[in-house]
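Down below is the structure, laid out as structure tokens.
The values are calculated or read from the model by the stated rules, or taken from the named source; none is laboratory data. Bear in mind that the values here come from a model prediction, so they are computed numbers and not experimental data. So basically every Cβ, Gly included, is an ideal-geometry build from the backbone, and we count neighbours across all protein chains shown.
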Amino acid sequence: MAKDVFYSGTVAAALEAKVLGVNAIAISAQHADLPYLYDETIKLMDEIIETKAYKGDGILNINFPKSTFQKPLGVRITRQGLRLQTGIYIKSEKPDIYHIKGSVINYQEAEDSMLLRLKKDIYR
């Protein structure tokens, strides 16, 4: 969730494409054998192309739910959350070696962020 999405290889590939000037979409599913995956992806891609949602400064990141969940009822566009972190460099006993010590100090979630939308959908 939030900035952890940057650990995704799929998202990293889409981000690299965007850096090179290519509009990109990252699509992830736990298994490629979800019975609805291909039909839903085609419908979603048609909508994305029609609305030009792929254009802009960022990328799109599409996640399909686990196979233990039912077929999605629809699509919700959300924003990525933001985490503010702090880090300090600590010099080790060895010359020219430093360690980074850090922690999350604040979460900033927009009302339409993925994390808050997920919490609202789960707990309603």
Hits in region 18-29 - residues which are among the aliphatic types (A, V, I, L, M), without any contact (Cβ under 8 Å) to a residue 12 or more places away in the chain and either surrounded by 12 or more Cβ atoms within 10 Å (Cβ to Cβ) or assigned to a loop (DSSP other than H, G, I, E, B) (or both): L20, V22
Can you name every residue in region 80-96 that is modelled with pLDDT of 85 or more and part of a loop (DSSP other than H, G, I, E, B)? S92, E93, K94, P95, D96
Consider region 39-57. How many of its residues are part of a loop (DSSP other than H, G, I, E, B) and surrounded by fewer than 14 Cβ atoms within 10 Å (Cβ to Cβ)? 4
